[in-house]
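Engineer: Take this structure, written in structure tokens, and hold onto it; I'll ask about it next.
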Amino acid sequence: MTTKAAAPTESLTIKQVAEALGTDPKTLRVFLRASADYTAVGSGKRYAFTTKDVGPMKTRFTKWTKERTAAKIPATPPAE
């Protein structure tokens, strides 16, 4: 009986993940540092991602972006 070997998991660079999320690497790093869900690994505090990480990350990134944008918009002053 033969078994299929699992396909190797593709490792993605921060640039590839940023492109998949529709942002730039700098903004993605700000998001990663602000989130308790992601921790840097290895020397130089690099992040390691696979293609499976992109879907859930996109959901969290979109929510974070909306919250960040909402926090920057000043409240409308009351009408006189």
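The values are calculated or read from the model by the stated rules, or taken from the named source; none is laboratory data. Fair warning: this is a prediction, and the values are worked out from it, not measured in the lab. Methodologically, a virtual Cβ is constructed for each residue, glycine included, from the backbone with ideal geometry; neighbour enumeration extends over all protein chains shown. Just so you know, the surface numbers come from the protein's heavy atoms only, side chains and all, with ligands and any DNA or RNA stripped out. Shrake-Rupley method; radii C 1.70, N 1.55, O 1.52, S 1.80 Å.
Per-residue answers, yes or no, for (1) closer than 13 Å to residue 18 by Cα; (2) modelled with pLDDT of 90 or more; (3) of a type outside the set (Ser, Thr, Tyr); (4) touching a Leu at 6+ places or on another chain (Cβ under 7 Å):
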residue: 39; (1), (2), (3), (4): no, no, no, no
residue: 43; (1), (2), (3), (4): no, no, no, no
residue: 53; (1), (2), (3), (4): yes, yes, yes, no
residue: 63; (1), (2), (3), (4): no, yes, yes, no
residue: 66; (1), (2), (3), (4): no, yes, yes, no
residue: 73; (1), (2), (3), (4): no, no, yes, no
residue: 76; (1), (2), (3), (4): no, no, no, no
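Engineer: Further question on the same structure: Kindly indicate the residue of the stretch 1-33 that is in contact with a strand residue (DSSP E or B) (Cβ under 9 Å, 6 or more places away or on another chain) and not in a loop (DSSP other than H, G, I, E, B) and also modelled with the lowest pLDDT among those meeting that condition.
Structural biologist: 11
Engineer: State all residues of the stretch 44-53 that are in a helix (DSSP H, G or I) and either open to solvent by 100 Å² or more (accessible area, probe 1.4 Å) or in contact with a helix residue (DSSP H, G or I) (Cβ under 6 Å, 6 or more places away or on another chain) (or both); if no residue qualifies, say none.
Structural biologist: 45, 52
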